[in-house]
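Take a look at the structure set out below.
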Amino acid sequence: MKTAVHLHLYYMDQLPEIISKLQNMDKAGIDYELYVTMTAKDEKVETKIKQAFSEATIWQVENRGYDIGPFIDFLHKINLDSYDYILKVHTKNKNQGNYTIINGNRMDNAIWGEVLREALLGSSEQIKQNYAKFSEDDTIGMLGSKYCLTSEKQAYQSLLELIKSEMARLHLPETDKVEFIAGSMFMTRTELLPLFLQININDFAPTDGRIKEGTKAHVYERLFGCAVLAQGKRIDGIKQYHYGKAFLKARIKRFFYQKKQTKSGKTIIKICKLPIYSKRCVNE
């Protein structure tokens, strides 16, 4: 069984940890080919990639659609019939203070990317378990972190009409159920992806990091999951028990003490979720 791995490398400083994770594919004895997209030419980075993966294919793409646009470009560049599985990974902004809430767990950006990648590439043993799942259960169409697999309404409600519109464009049956891997790192069966060849990277707007939601890329992040369900398969969550403990500890800590600054510049401190201090900062 052969796999095509797509890495979208935007944050170049994260390359060493990405290389370390990808090398677990070799340790697991997986037959795969690596494809890397970047939005800027960087010969030093390309050399490092080639040193680690001599057969890797690297090319530059326009900075459109965050990691989704480059993934669509990758699908057009390869021969899908040559692969049984597709593995999609990318770098993720680690800026402190940026976070999202998924299934009740607060995901700071740094740990969000880590959780997603660990589920897919955390160890050779984890990788073998993932492939075994696909081999033993043909109802599974996609795999990703259990902690990032969500069907929460607040994760898609504002985009639902756009999701339905794009599903109609791709000739998929309409559905009110939306389930997807938040953060868009997953492993999937190649047979589920040809329908995405109906679009290309130029269908996505240039990436603006200040926009956190509502773009076509965010619609397609959810649509990948919808496409799996619409084609009669299901999405399975990879369990990562050590993260569960970490999320529980963080939740308990936030219950007893929280300090945050609102967009209006107000600092709020809460003890046991009760506000005990509030002060607005005034810029002179």
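Please sort by residue number the trypsin sites (Lys or Arg not before Pro) in the range 170-231 whose DSSP state is loop and whose Cβ has at most 14 other Cβ atoms within 10 Å.
Values: sites: K177, R189, R210, K212, K216, R222; in loops: K177, R210, K212.
Counting only loop positions with at most 14 other Cβ atoms within 10 Å, the trypsin sites (Lys or Arg not before Pro) in the range 170-231 are K177, R210, K212.
Here the extension length gained between H171 and T39 equals 44.4 nm, from 0.36 nm per residue of separation less the Cα-Cα distance. Here the sum of -39500 (n - 2.57) over DSSP H runs of 4 or more residues, divided by the residues of the chain, equals -11000 deg cm²/dmol at 222 nm, to the nearest 500. For S135, neighbours were defined as the other residues whose beta-carbon sits under 15 Å from its Cβ, and their charges (Lys and Arg +1, Asp and Glu -1) total -2. For the range 1-109, dividing the convex hull volume of the Cα atoms by the residue count gives 131 Å³ per residue.
If you count only protein heavy atoms with a 1.4 Å probe, what accessible area per residue comes out for the range 34-168, rounded to a whole Å²? Numbers along the way, then the final one.
Working: 6120 Å² over 135 residues.
With all protein chains present, the range 34-168 gives 45 Å² per residue.
What percent do you get for the relative contact order of the range 1-153 when only Cα pairs under 8 Å and 6+ apart count?
Numbers: 199 pairs, mean separation 42.7, N = 153.
The value is 28 percent.
Checking the Cα-Cα distances for K21/K77; K2/K27; K94/K177; K94/K164 against a 22 Å cut-off, the pairs over it are K21/K77; K94/K177; K94/K164. A Förster radius of 35 Å combined with the Cβ-Cβ distance from R234 to E46 puts the calculated FRET efficiency at roughly 0.40. Summing charges over neighbours of N109, with a neighbour being any other residue whose Cβ is under 12 Å away from its Cβ, gives +2 when K and R count +1 and D and E count -1.
What's the FRET efficiency of M1 with H76 using the Cβ-Cβ distance as r and R₀ = 25 Å, to the nearest 0.05? Before the final figure, lay out the partial values.
On the way: r = 23 Å, r/R0 = 0.91.
The formula returns an efficiency of 0.65 here.
Give me the percent of Cα-Cα pairs in the chain that sit more than 24 Å apart, rounded to a whole number. Kindly include the intermediate steps, with their values, before the conclusion.
Details: 21324 of 40186 pairs.
In whole percent, the share of Cα-Cα pairs in the chain beyond 24 Å is 53.
Can you give me the pair-distance distribution of the range 46-174, C-alpha pairs, 5 Å bins, whole percents? Percent of pairs per bin, in order: 2, 7, 11, 16, 23, 20, 13, 6, 2, 0.
Within the range 103-251, the proportion of C-alpha pairs whose separation exceeds 25 Å stands at 31%. Distance from the Cα centroid of the range 1-33 to that of the range 44-73 is 11 Å (rounded to whole angstrom). Among T267, T3, the order of accessible area from largest down is T267, T3, computed with a 1.4 Å probe on protein heavy atoms.
The values are calculated or read from the model by the stated rules, or taken from the named source; none is laboratory data. It should be emphasised that the depicted structure is a prediction, and the values quoted were computed from it without experimental measurement. Cβ sites come from the backbone with ideal geometry, for glycine too, and all protein chains shown count toward neighbours. The accessibility values were calculated without ligands, DNA or RNA, using every heavy atom of the protein model including side chains. Shrake-Rupley method; radii C 1.70, N 1.55, O 1.52, S 1.80 Å.
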